[in-house]
1. Tell me the net charge near Tyr121. Cut-off is 10 Å between Cβ atoms, Tyr121 excluded, with +1 for each Lys or Arg and -1 for each Asp or Glu.
2. Grab the Cα-Cα distance for Asn67 and Ile14, subtract it from 0.36 nm times how many residues apart they are, and report the gain in nm with one decimal.
3. What is the distance, in nm, between label points placed 7 Å from the Cα along the Cα-to-Cβ direction at Val113 and at Thr140?
4. When ranked by the protection proxy of mean other Cβ atoms within 10 Å per residue, highest first, what sequence do the peptides 104-110, 171-177, 119-125 form?
5. Could you tell me which of rounded, prolate or oblate describes segment 111-220, using a ≥ b ≥ c as the square roots of the eigenvalues of the alpha-carbon gyration tensor, with rounded for a/c under 1.5 and, failing that, prolate when a/b is larger than b/c and oblate otherwise?
6. For Val196 and Tyr160, what is the calculated FRET efficiency with R₀ set at 25 Å and r taken between the beta-carbons, to the nearest 0.05?
Amino acid sequence: MKQKQFRLELAIIIGIFFISMMIVSISSSKLETITSIDNSEDIDYERQVVIATELKPHTYYSWYRLNFGRYSADYVRVLHYMLKGWGYTSLGNEFGTKKYGVVTREKVAAFKVRVGLVIKYDIYYGRYVIGGTWTKLFKTIGRGSGRYYHVLALQHLLRYKFGYNVKVCGSFGPYTQWCVKDFQKSHYYNWEALEVDGWVGPKTWPSLLKSPVPRESKNHGGFSMGACFHDSGGGT
């Protein structure tokens with residue numbers, strides 16, 4: 001009798017244990033699903049980093065992540081230019097200070113709703129910019145394309161990240177085009193060489209943002225340096 005009772009109690013304990021494990025597993029699965037929805041760009045960022053560790057140095061790519069509260073002379077300014085290019089022109093004093101502050105966070109959250117990255121507005125979604133958001137911010141630009149603020153973003157990256165002595169003036173003229181072509185000759189997108197066409201589109205933009213900073217100085221194709229004069233007539 002006692003042996004039967006012991007077996008019954010043991011069976012109950014084992015049953016309770018397995019039921020508890022199933023509940024924990026289901027809860028974890030739901031939490032993981034919710035996290036993957038709310039932080040899809042974070043997952044993209046982690047995937048990019050894992051892939052990047054397996055690449056050769058000259059093809060290294062990982063998205064530059066911007067977080068709320070960050071100061072960055074290069075990337076926050078590029079973000080501000082692109083937001084202005086999408087019509088978010090009221091950035092207050094954050095534009096001058098190159099700060100990813102409260103106003104920038106609000107504009108990023110609004111932009112993510114506008115382009116379908118998130119379903120509804122929540123200031124939480126404005127706390128960072130990573131691959132998915134950068135991709136939506138891009139606009140294709142080239143000689144005569146206009147898009148003044150995106151040209152400013154391009155020229156800022158060319159000058160302050162890659163060492164081209166192009167003036168940040170918003171005019172996409174012959175010298176800016178030469179710089180773009182020179183950049184395209186030695187950079188990649190998804191392990192494939194960029195097309196050298198002088199246009200900055202869905203392949204050249206990511207390469208500009210994700211490529212490592214070069215160590216060598218640039219030559220300048222016979223242009224005298226710094227004058228926006230060389231880019232006059234390129235569209236503003």
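1. That sum, taken over residues with Cβ under 10 Å, equals +1.
2. 14.3 nm
3. With each label point 7 Å from Cα toward Cβ, the separation is 3.0 nm.
4. Working: 104-110: 20.4, 171-177: 23.3, 119-125: 12.9.
For the peptides 104-110, 171-177, 119-125, the packing ranking is 171-177, 104-110, 119-125.
5. Here segment 111-220 falls in the prolate category.
6. It comes to 0.65.
Throughout, read-outs are computed from the coordinates displayed, never taken from laboratory work. The shown structure was predicted, so the numbers you read here are calculated from the model rather than taken from an experiment. Glycine gets a Cβ as well: all are built from the backbone with ideal geometry, and neighbour counts include every protein chain shown.
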